[in-house]
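A quick write-up on the structure given underneath.
What follows is calculated from the coordinates using simple rules that are stated; it is not laboratory data. Note that the structure is a prediction, hence the values are computed from the model and not measured. Reconstructed Cβ throughout: ideal geometry from the backbone, glycine too, with neighbour counts over all protein chains shown.
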Amino acid sequence: MVLATRSNNVLHTICLVFLSGCFHLVSARFVRYCFIDEIFHIPQTQKYCDGNFSYWDPKITTPPGLYYLGFLYSKLVNLLNIFNWNLEYCGTPVLRSLNLVGGLIVFPILCLNPLLKYNGNNFWSSNIIFLPLLSIYYLLFYTDVWSTILIFLSFSTAICLPLGKFKSALLSSIISLISVTFRQTNIVWSAFILVMFIDRNAQLSQKYNSKTLKNNYFIKKIEHFHILETFFINLFGFIQQSLEDVICIIPFLINFVLFIGFIIHNGGITFGDKENHISTIHLPQLFYCLIFITFLSGPLLISSTFMVLYLKNSFGSFKSLSVTALIYVFMFLSVKYFTIVHPFLLADNRHYTFYIWKRVIDFKPPYSRYAMIPFYHFSGYSLFYHLFINLNKFNDTINTQNNKQNRNKIVIERINKNLKPTFITISAFTVSVCATIIPSPLFEPRYYILPYLFWRVLIDIESTTFSFIDTLFKKNSYEIKNFKLHLEFLWFFIINFVIIFIFINYTFAWDTEPGLPQRIIW
């Protein structure tokens, strides 16, 4: 554990140096002008800095949380400018530095490090903050960084309970409400955090112990169907815990009521530019998300055991083949009838999605779209496989223990140190991902940041790779996991280096924006 902590700290320092250097190159030399969404965010914040809080750009789709934070941050920087730093009040570099400070300092220290003691063998904060989908925005003034920080701070507070149960729940709900002022879809993740809060308390108070439900008629009827029995034990235990924690749930319920009131008052979720942001049923958006998460998780999937299980469980028997065929049919119909090609996707060549769509997904329509289905299936399997191998066996452990007090203490201590999903967690996660990305008509990788991060902190990394690597580490599971975590960081470093190199060095012109070099970003 000491070695892992040291590695995490060293890699965090590498992140800090690399991205700080990139920030200087971007803000001081190459991209001193507002870039894409910054043409809305920076002028709006500067209006607030000038004291004009009544102004609102009708093209902005998100709430004003980032602009208030940018205003307060600029005031603080201006106050600290006693050393005569050459910083323009509320200027572009100052506002961009808000995201750099948030991503490299606030995010790991306040949000991720408290979670390490619950699943520290399976993720490092240095890797999380280096996520390529997120880290590029440390260099710009976008909403994504602080939206992510706040929702994860709410999550960390609900899981770690630093102030006790009620005060932590109250604080978590307040933080999640603030996060909604940065991104409206965070209300869904607020609901997910509430579910996780109840679910974890149910685990710690042994609500998922089947012995506590032994007289339940329904449980008796399904006791021979283990998976079904476990699911309903989780469900009944979750409901029981919800009733006990009702006082902790109320602050979250107030958030939901306030959000519904906002929708009614606003006439929809989006603030501005409503004609280009109409909610739809965009099922392939889910498949794109699966592909991105799998691509980013490549080093974690290096396992001969996993590949063999995928082939066996997908094609190894008539039953598995039938299930796979049904999933393929569902994906085929989803691609055929629910693919949405947003005008922005085809018109804006400053985004990688433009090239992914043109040269991969739709390079030979419609056949190339269907050719992606096996990759969608593999991605979906890999994501849920790594969630389910970390599935909490809490109720099984409790069943094998006697009722002596010291035994129960041992079990509770073990559970306290492990953040593991249950059927409730996985169900809530799946619903949350679908609710946040499927309604969006635009193919936008930024929407996949929170699905990836929540998945990442909940999974278990397999302690196997390929036989020659396992032999190299003498099949030591701890060392193999460390190897994968180092490999994950290296993978992220390579992706980030390529993305930032292209962003800085490759430019092209737009007739509509003469004199401003255009660049490529997510």
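Run lengths n ≥ 4 of DSSP H only: what is the helix-derived mean residue ellipticity at 222 nm for the chain, with -39500 (n - 2.57) per run over all residues, to the nearest 500? Intermediate values should be presented prior to the final figure.
Values: 26 runs with 328 residues, N = 522.
Here the helix-only value at 222 nm equals -20000 deg cm²/dmol.
Treating only the Cβ of Lys, Arg, Asp and Glu as charged (+1, +1, -1, -1), what charge dipole size does the chain show about its Cα centre? Round to the nearest 20 debye. Working shown, then result.
Values: 40 positive and 25 negative charges, 303 e Å.
Approximately 1460 debye in magnitude.
Can you work out the FRET efficiency for the pair ILE105 and PHE338, with r the C-beta to C-beta distance and R0 = 51 Å, to the nearest 0.05? Write out the running numbers ahead of the final one.
Working: r = 41 Å, r/R0 = 0.81.
For R0 = 51 Å, the calculated efficiency reads 0.80.
Can you give me the Cα centroid spacing of the stretch 110-124 and the stretch 299-352 in angstrom? After rounding, the separation between the Cα centres reads 30 Å.
The residues packed around VAL94, meaning those with a beta-carbon under 14 Å from its beta-carbon, carry a net charge of +1 if Lys and Arg are +1 and Asp and Glu are -1. What FRET efficiency do you get for ASP50 and PHE501 if R0 is 35 Å and r is their Cβ-Cβ distance, rounded to the nearest 0.05? E(calc), rounded to 0.05, equals 0.45. Between HIS351 and ILE521, the built amide H atoms are under 5 Å apart, and every one of these is 5 or more places off in sequence or on another chain.
Once fully extended, how much extra length lies between PHE388 and VAL10, figured as 0.36 nm per residue of separation less the alpha-carbon to alpha-carbon distance?
Values: separation 378, 0.36 × 378 = 136.08 nm, distance 3.11 nm.
Between PHE388 and VAL10, full extension yields an extra 133.0 nm.
Working ranking of peptides 49-62, 479-492 by packing, defined as the average number of other Cβ atoms within 10 Å per residue, highest first, is 479-492, 49-62.
Show me the ranking of peptides 317-325, 120-128 by mean Cβ neighbours inside 10 Å, starting with the highest.
Descending packing order for the listed peptides: 120-128, 317-325.
For the chain, the residue among PRO366, SER179, ASN201 whose Cα projects farthest onto the positive side of the dipole built from Cβ charges is ASN201.
Once both labels are positioned 7 Å from their Cα atoms along Cα-to-Cβ, the gap between PHE30 and LEU253 label points is 5.2 nm.
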